[in-house]
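Student: Let me begin by handing over the structure; questions about it come next.
The values are calculated or read from the model by the stated rules, or taken from the named source; none is laboratory data. Values in this document were obtained by computation on a predicted structure and should not be read as measured data. Positions of Cβ are backbone-derived with ideal geometry, glycine not excepted, and every protein chain shown enters the neighbour counts.
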Amino acid sequence: MNYKISIFLIITTMLLNSCSDDGIEFKINNDLASYLEFNSNLELDEVIACAASDKSNNNISYIFYYPILTATEIQYFETSSLEIDKNNFSLYKLTEYPQEPVFNGYLERFVRNNNKEVWCIVTYKTNGKLHKSNPIRLKHQTKLTEWTNNVSIEYPETKMPKFSWEDGNIKENAIYFEVISNAENNLLSGTYTYQKWFQYYNLTNTVLNVTRETPPDLIINNEYNFTLMAVSEDNWVNLVIQKSFIAE
């Protein structure tokens, strides 16, 4: 065999074995630390995510996340318990749960039917980036999400309703996520505030905006929906408010 060809085959085999070993190591360990190491060539970025309990079944928790349009390889990792170091990513194991769209796919969520409380993290990839959420603490046994329709709606300006609310039974909220959607459940605006009010579409008190396009003007006498999630520092949703309203 030609000497140059032999050297090329040896080097190629070594490279293939190296890549294969890395992949096998992740599949065997099945943990987030190995996954991050396996994708260490990608720029690390964030995933906006939080979790809430179901309205009527406290064995079910929903892990909500905002997927960038080009997101691929969406994955969910969780620990075996809460009594661990939440920042030790080797303790997060890849776990499969059903996924379903929220607001017709603008958001998505994992549906977890398991009564055990754990820490969890969501990841996905976009072009050249690996996105990872902050650790989310599931509390669907000890601090159930409160579901209500208690929100005040005023019209300081035509077609620009102002929504204001109070914290629910659990007053550990660090930030509030507000969604305005139409009768077909399509998201028109998605914003975060630190204050307990939001006016459509006034961004003066908005600290994060996931609205992709400029929202349309509301149409007088049409029905719309207001949804709020009050989120704690550990990314658990303490309060969900859902209320339909007629634009004025």
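Student: Output the qualifying pairs, or none if there are none: Cβ atoms under 7 angstrom, residues six or more apart or on different chains, first residue in the range 64-88 and surrounded by fewer than 11 Cβ atoms within 10 Å (Cβ to Cβ), second residue of a type in the set (Lys, Arg).
Tutor: Thr72/Lys125
Student: Among the strands (runs of 3 or more DSSP E) lying completely within the range 152-218, list those that include at least 3 residues that are among the polar types (S, T, N, Q).
Tutor: Fully inside the range 152-218 and qualifying: 187-193.
Student: Give me the residue from the range 30-63 that is assigned to a strand (DSSP E or B) and among the charged types (D, E, K, R) and, out of that set, surrounded by the most Cβ atoms within 10 Å (Cβ to Cβ).
Tutor: Going through the qualifying residues, I end up with Asp31.
Student: Looking at Asn58, Asn104, Asn39 in this structure, which one is touching a residue at least 40 places away in the same chain (Cβ under 8 Å), out of contact with any strand residue (DSSP E or B) (no Cβ under 6 Å at 6 or more places or on another chain), polar (S, T, N, Q) and farther than 20 Å from Ser189 by Cα?
Tutor: Asn58
Student: Show the residue pairs meeting these rules: Cβ distance below 9 Å; 6+ apart or different chains; first residue within the range 185-197 and closer than 17 Å to Lys243 by Cα; second residue modelled with pLDDT under 95 and buried (at least 18 other Cβ atoms within 10 Å of the Cβ).
Tutor: none
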